[in-house]
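Shown next, in structure tokens, is the structure this report addresses.
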Amino acid sequence: MLDSPVLPELIQEAQRVIGREHRLREKFYADITPENKWEFIQGEIIMHSPALNRHLVATKQLYDLMSAYVRTRSLGIVHIEKAMTSFSRNDYEPDVMFFGTAKASMIGPDTLRFPVPDLIVEVISPSTEKRDRGVKFEDYAFHGVGEYWIIDPDAETVELHRLTEDGYPPAARQSEGLLESDVIPGFTISVRAIFDEAENLAALRSLLG
């Protein structure tokens, strides 16, 4: 773009778009309510529909494991949905997110807009998969989210993407085996512990033991 002969016109158009998005974003902050799950993505307000039970189960079972591990070791904070994370252009409410001690120290009782998490988990659905694998994938990498876990509750698979200098390289879709986090030191669970209640309880006992 920098070599384009119409660079001034492109900059003017970008400034116009950014100005419009800024006004819409301020209105978004004024209008949002805690009852619903809202996101602001590149000038568009997204209100999510209710989730299927398999989506809720996978989300909660991973949150239970991650939160228990982090809390008992004072490693930071884990939140589940409803925590609006503000990026430079967009606002997201990931399904599960982890903030290490440095960012956790920035979060208080009255925090409404949270900093960029150190780890994000999205549980995909047909209505969200394009954004989860598209704009969010790019945005999370650009803003330094150390790990991005993508969970497919239908296929019962997990992709654990670790950030590199070039973004998130491709990650295998695991249906079994172990998930080992680099961002949360020592946090290792089986894939099945996210989807199977008995496996989840066994993993929770192991993490707390």
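The values are calculated or read from the model by the stated rules, or taken from the named source; none is laboratory data. These figures come from a predicted structure and were not determined experimentally. FYI the Cβ positions are ideal-geometry reconstructions off the backbone, even for glycines, and counts take in every protein chain you see.
What single numbered condition from (1) in a helix (DSSP H, G or I); (2) closer than 30 Å to V121 by Cβ; (3) among the hydrophobic types (A, V, I, L, M, F, W, C) fails to hold for A51?
Looking at each condition in turn, A51 falls short on (1).
Of all residues in region 112-139 being modelled with pLDDT under 95 and within 22 Å of R89 (Cβ to Cβ), which is nearest to the chain's Cα centre (by Cα)?
If we take residues in region 112-139 being modelled with pLDDT under 95 and within 22 Å of R89 (Cβ to Cβ), then T128 is nearest to the chain's Cα centre (by Cα).
How about region 95-209: which helices (runs of 4 or more DSSP H) wholly inside it have at least 2 residues that are in contact with a helix residue (DSSP H, G or I) (Cβ under 6 Å, 6 or more places away or on another chain)?
Working: elements: 101-104, 129-133, 135-142, 192-195, 197-208.
The helices (runs of 4 or more DSSP H) meeting that bar are 192-195, 197-208.
Within the group T157, T188, which residue is over 18 Å from the mean Cα position of the chain (by Cα) and among the β-branched types (V, I, T)?
On the way: T157 fails: over 18 Å from the mean Cα position of the chain (by Cα).
Within the list T157, T188, the selection yields T188.
Considering only region 97-108, I want to know if a residue exists there that is touching a residue at least 40 places away in the same chain (Cβ under 8 Å), closer than 25 Å to D31 by Cα and either buried (at least 16 other Cβ atoms within 10 Å of the Cβ) or charged (D, E, K, R) (or both). Step through it out loud before you land on a result.
The first filter runs over region 97-108 and keeps only residues touching a residue at least 40 places away in the same chain (Cβ under 8 Å), leaving 98, 100.
Now narrow it down to the ones that are closer than 25 Å to D31 by Cα: none.
So far as region 97-108 goes, no, none of its residues is touching a residue at least 40 places away in the same chain (Cβ under 8 Å), closer than 25 Å to D31 by Cα and either buried (at least 16 other Cβ atoms within 10 Å of the Cβ) or charged (D, E, K, R) (or both).
Within region 64-77, is there a residue that is among the small types (G, A, S), in contact with a helix residue (DSSP H, G or I) (Cβ under 7 Å, 6 or more places away or on another chain), assigned to a helix (DSSP H, G or I) and in contact (Cβ under 8 Å) with a residue 40 or more places away in the chain?
Yes, there is a match, as at least one residue in region 64-77 is among the small types (G, A, S), in contact with a helix residue (DSSP H, G or I) (Cβ under 7 Å, 6 or more places away or on another chain), assigned to a helix (DSSP H, G or I) and in contact (Cβ under 8 Å) with a residue 40 or more places away in the chain.
Kindly provide the set of residues from region 1-37 that are within 30 Å of P50 (Cβ to Cβ), exposed (fewer than 11 other Cβ atoms within 10 Å of the Cβ) and β-branched (V, I, T), ordered by number.
T33
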